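K.L.:
What follows is a single structure, and I will ask about it in a moment.
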Amino acid sequence: MTTVHIRQSTTVSLNRFVAALINFGPGRGEIFANGHGHWVRVNVRGDTWTDVTEGSSGARWERLRCDWSELNVVRLTTIDSNIWRPESGWVYSLTPARTAGRTSTWLSCARAAA
């Protein structure tokens, strides 16, 4: 499994950043620019998690569990996919930056081809 780590700072507030990550509604394509030909289906939703399937017009799809139960952490774990093995996924660890209105992001992405 390949793992990539990225550290980045953004002008988006922490709460707004988390809200964007867990938004699986019709506005998702406006938040994430690579959403052309992209579809999303929410399978089950809990208070701090969502089971969602996302796909593209190119017939690629991935079923994810998105969990935000841990403060300032959002985990997206692959449940099933036609391109990624289960347990692949993303972990966003977020902290408010010292400069007001900024967020420091630590992204860990682990992927293994199916």
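The values are calculated or read from the model by the stated rules, or taken from the named source; none is laboratory data. Given the structure is predicted, the values throughout are model-derived calculations rather than measurements. Quick reminder, even Gly has a Cβ in these numbers, built from the backbone with ideal geometry, and neighbours come from all protein chains shown.
K.L.:
So Asp80 ticks every box in (1) loosely packed, with under 13 Cβ neighbours inside 10 Å; (2) under 17 Å from Met1 (Cα atoms); (3) free of Cβ contacts under 8 Å to residues at least 24 places away in the same chain; (4) of a type in the set (Asp, Glu) but one. Which box is left unticked?
P.N.:
Tallying (1) loosely packed, with under 13 Cβ neighbours inside 10 Å; (2) under 17 Å from Met1 (Cα atoms); (3) free of Cβ contacts under 8 Å to residues at least 24 places away in the same chain; (4) of a type in the set (Asp, Glu), Asp80 fails exactly one: (1).
K.L.:
Could you name every one of the strands (runs of 3 or more DSSP E) located completely within segment 20-114 that has at least 3 residues being modelled with pLDDT of 90 or more and either within 12 Å of the chain's Cα centre (by Cα) or on the phi > 0 side of the Ramachandran plot (or both)?
P.N.:
Result: 49-56, 61-67, 73-81, 89-96, 103-111.
K.L.:
I'd like to check something: does segment 88-95 contain any residue that is within 23 Å of His5 (Cα to Cα), out of contact with any helix residue (DSSP H, G or I) (no Cβ under 7 Å at 6 or more places or on another chain) and surrounded by fewer than 15 Cβ atoms within 10 Å (Cβ to Cβ)?
P.N.:
yes
K.L.:
So, in segment 1-31, how many residues would count as being surrounded by 12 or more Cβ atoms within 10 Å (Cβ to Cβ) and more than 24 Å from Thr99 (Cβ to Cβ)?
P.N.:
Result for segment 1-31: 5.
K.L.:
Could I ask something else about it? Condition (residue is charged (D, E, K, R), within 22 Å of Ala110 (Cα to Cα) and in contact (Cβ under 8 Å) with a residue 12 or more places away in the chain) applied to segment 2-12: is it met by at least one residue?
P.N.:
Within segment 2-12 (the criterion being charged (D, E, K, R), within 22 Å of Ala110 (Cα to Cα) and in contact (Cβ under 8 Å) with a residue 12 or more places away in the chain), the answer is yes, since at least one residue qualifies.
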